[in-house]
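Q: Quick one: structure below, then a few questions.
Read-outs: derived from the displayed coordinates by stated rules, not from any lab. A quick note: this is a predicted structure, and the numbers were derived from the prediction, not measured. In this analysis, Cβ positions are derived from the backbone assuming ideal geometry, glycine residues included, and neighbour counts consider all displayed protein chains.
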Amino acid sequence: MLLFVYSLTSVVLIWIISENKIRLSFKTIVIFAIGLRIFITLLFSTSQSDDINTFLRDGQFLLDKSTKYEASYFPFISYLGAAGILLKHYIHPYLFLKIVFTIFDVLILFPLYYLSKRNLQSVLIYALNPISIIVINIHGQMDSIPMFFFLTGLVMYFKNKIFASILTLSWAILTKPWPLLFVIPLIKKSKKKVPFVLLLFFPLLFTFIHSMFFPTPFIKIIEKVENYRGIFGAWGISKIALYLSSYDLNPIVELLMRRIFLVAYVIFSYFYTNKNILKTILMSMFFLFAFSPTFGIQWFVWLVVFVILVKPKFWRIFMTIGSIYLTFGFAWDTYQYLRDIMPLWNSVITRVGFVTWIFIVFMFFSNLKQTSQNH
C-alpha cells in the first residue's frame with residue numbers, strides 16, 4: 001500500500017539525514033515542506049476521518065444557530081468548519097480544512113528553526129516526518145494550529161517577551177486546550193507568576209462573545225471543554241486494566257485512574273527540573289504518554305516536535321516506531337476495505353500500539369535516568 005511505502009521511505013530518509021550535514025537553505029526546506037504536503041494531500045485525496053467530519057458538523061451547527069454544542073474545544077474550530085461549508089462551491093470542505101492545517105504545519109518550521117538554534121537538520125527532519133503529515137494531511141486533524149502558537153509563545157518566552165508570550169499561548173489554548181498541560185515549567189521558572197492568569201484571556205473572551213451571538217450558553221461550552229478526555233482503554237495502563245477486568249471495569253476505578261494520573265502529572269511537571277525548558281516539556285509529554293489512562297493517537301503530533309528539538313536517547317527509533325503506529329492507526333482513513341474488516345484491523349492497531357507504548361515507557365525512564373545523572 002502506498003501509505004506504508006511513503007512512511008517507510010520517510011523514516012529511512014530521516015535516518016540518513018540525521019547522520020549527515022545539511023547543505024540546504026531554510027527557504028529550500030520550507031518550499032520542500034509545502035510541496036511534500038500538497039503532494040501527499042492530493043495523493044490521498046479521498047481520505048477522510050471522523051475528526052474532520054466532526055469539525056464540519058460543528059460548523060453546520062454554527063451556521064444553523066443551533067443550541068447544540070458537541071465540540072470538545074472552545075468555539076474556534078466551529079468557525080473554521082463553518083468557513084469550509086460556506087466555501088464548498090469553490091473548494092471541497094475536506095481540502096479547505098487540510099490546506100489551513102497544512103499552512104500552520106509549515107509555519108511551525110519558523111519557531112522550530114529558532115528553538116533548535118537554527119539547526120537545519122532538525123528543520124528538515126520535521127519537514128519530512130510522516131507522523132505530522134499523516135495526522136494533518138491524511139487524517140485531517142487540527143493540532144498544527146495550537147502547536148504553531150504554542151511554539152511561537154515559547155520563542156517569545158525565551159526572548160523574555162513574557163506578556164506577548166502569554167497572549168500567544170492564550171491564543172493556542174483558544175484553538176485547543178492542550179497547551180495548558182505544558183505551561184507548568186514556564187510558570188515555575190518565571191519570576192512573575194501572576195500574569196499567567198491571562199492564559200485564559202482569549203478562550204474566555206472568545207467564548208463570551210460567541211455566547212452573546214449564538215444560543216449556546218457560556219457555561220455549557222466551558223463544561224464541554226472541561227470534560228474533554230481522550231479515549232479510555234485504548235492505550236497503555238488503561239488497556240491493561242480493561243483486559244484484567246475482562247472489559248468490565250468499574251466506572252469508579254476508571255474515574256479514580258484519571259484523577260490519580262492528573263494529580264501525578266501536575267506533581268511531576270512541577271518538580272521535575274532541567275535547565276533546558278524544552279527537555280522539561282518533553283519529559284512531561286513522555287510522562288503523559290507513559291501513564292495517561294486516556295489517549296488520542298493524534299497526540300503524537302505534539303510529542304514528535306519536541307523529540308526532534310531535543311533529540312533524546314533513542315529518538316530515531318521513536319520516529320520509526322511512531323511512524324509505523326500512525327500508519328497502521330490511520331490507514332483506514334485512506335483504505336475503505338480496512339474499515340470493512342475493522343475488528344481484525346483494530347486488533348492489529350492495538351498490538352502495534354502496545355509495542356509503541358512499551359517503548360515510550362522505556363524512553364521515559366531511560367531519559368529520566370540520564371537527566372538525573374547529568375544533575
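Q: Direction-averaged shadow area of the convex hull around the Cα atoms of segment 2-374, nm²?
A: 19.3 nm²
Q: Using a 10 Å cut-off on Cβ atoms, rank the peptides 191-197, 106-112 from the highest mean neighbour count down.
A: With the highest mean Cβ count within 10 Å placed first, the list reads 106-112, 191-197.
Q: Where nothing but the Cβ of Lys and Arg (+1) and of Asp and Glu (-1) is charged, how large is the charge dipole of the chain around its Cα centre, in debye to the nearest 20?
A: 1520 debye
Q: Work out Dmax and Rg for segment 1-57 from the C-alpha atoms and quote the Rg first, both in angstrom.
A: My reading of the Cα-based Rg and Dmax gives 15.1, 46 Å.
Q: At a temperature of 4 °C and a viscosity of 1.567 mPa s, determine how fast segment 184-229 diffuses translationally according to Stokes-Einstein, using the Kirkwood radius over alpha-carbon pairs as Rh; express D in µm²/s, rounded to the nearest whole number.
A: D, rounded to a whole number, is 105 µm²/s.
Q: Another question about this same structure. Can you tally the net charge around Val135? Count Lys and Arg as +1, Asp and Glu as -1, for every other residue whose Cβ sits under 14 Å from the Cβ of Val135.
A: Taking every Cβ under 14 Å from that of Val135, the sum is -2.
Q: Packing-wise, with mean Cβ within 10 Å as the measure, how do 150-156, 201-207 rank, highest first?
A: Sorting 150-156, 201-207 by mean packing, highest first, produces 150-156, 201-207.
Q: Using the Kirkwood radius over Cα pairs, work out the Stokes-Einstein diffusion coefficient for segment 1-152 at 20 °C and 1.002 mPa s, in µm²/s as a whole number.
A: 130 µm²/s
Q: Count charges around Arg37 for me, please; just the other residues with Cβ under 15 Å from its Cβ, Lys/Arg as +1, Asp/Glu as -1.
A: -1
Q: Moving to a separate point now. Describe numerically, in nm with one decimal, the distance between label points set 7 Å from Cα along Cα→Cβ at Leu181 and at Thr28.
A: Taking the simple label geometry, Leu181 and Thr28 are separated by 3.7 nm.
Q: For segment 143-236, rounded, prolate or oblate, judged on the Cα gyration tensor with a ≥ b ≥ c (square roots of eigenvalues), a/c < 1.5 rounded, else prolate if a/b > b/c?
A: Cα axes put segment 143-236 in the oblate bin.
Q: Taking the Cβ of Val106 as the center, what net charge do the other residues with Cβ under 13 Å away carry, scoring Lys and Arg +1 and Asp and Glu -1?
A: +2
Q: Now for a separate question. With a 10 Å Cβ neighbour count serving as the proxy for reagent exposure, in which order, fewest first, do Tyr270, Tyr325, Tyr90 appear?
A: By the 10 Å Cβ count, ascending: Tyr90, Tyr270, Tyr325.
Q: Still on this model: Which whole-number percentage describes the relative contact order of the chain, with Cα contacts under 8 Å and a sequence gap of 6 or more?
A: Taking the mean separation of contacting Cα pairs over the length of the chain, I get 20 percent.
Q: So, one more: What residue among Lys21, Lys220, Lys313 has the largest mean-square fluctuation in a Gaussian network model of the chain, using Cα springs under 10 Å?
A: Comparing Lys21, Lys220, Lys313 in the GNM, the peak value goes to Lys21.
Q: Something else: Fewest Cβ neighbours within 10 Å first, please rank Glu70, Glu254 accordingly.
A: With the fewest neighbours first, Glu70, Glu254 line up as Glu70, Glu254.
Q: Something else now. Please work out the Kirkwood hydrodynamic radius for segment 264-312, using every pair of different C-alpha atoms, and report it in angstroms with one decimal place.
A: Taking the inverse mean of 1/r over all distinct Cα pairs, segment 264-312 comes out at 11.2 Å.
Q: With a 10 Å radius around each residue's Cβ, average the other Cβ atoms per peptide and rank 257-268, 300-311, highest first.
A: Descending mean neighbour count gives 300-311, 257-268.
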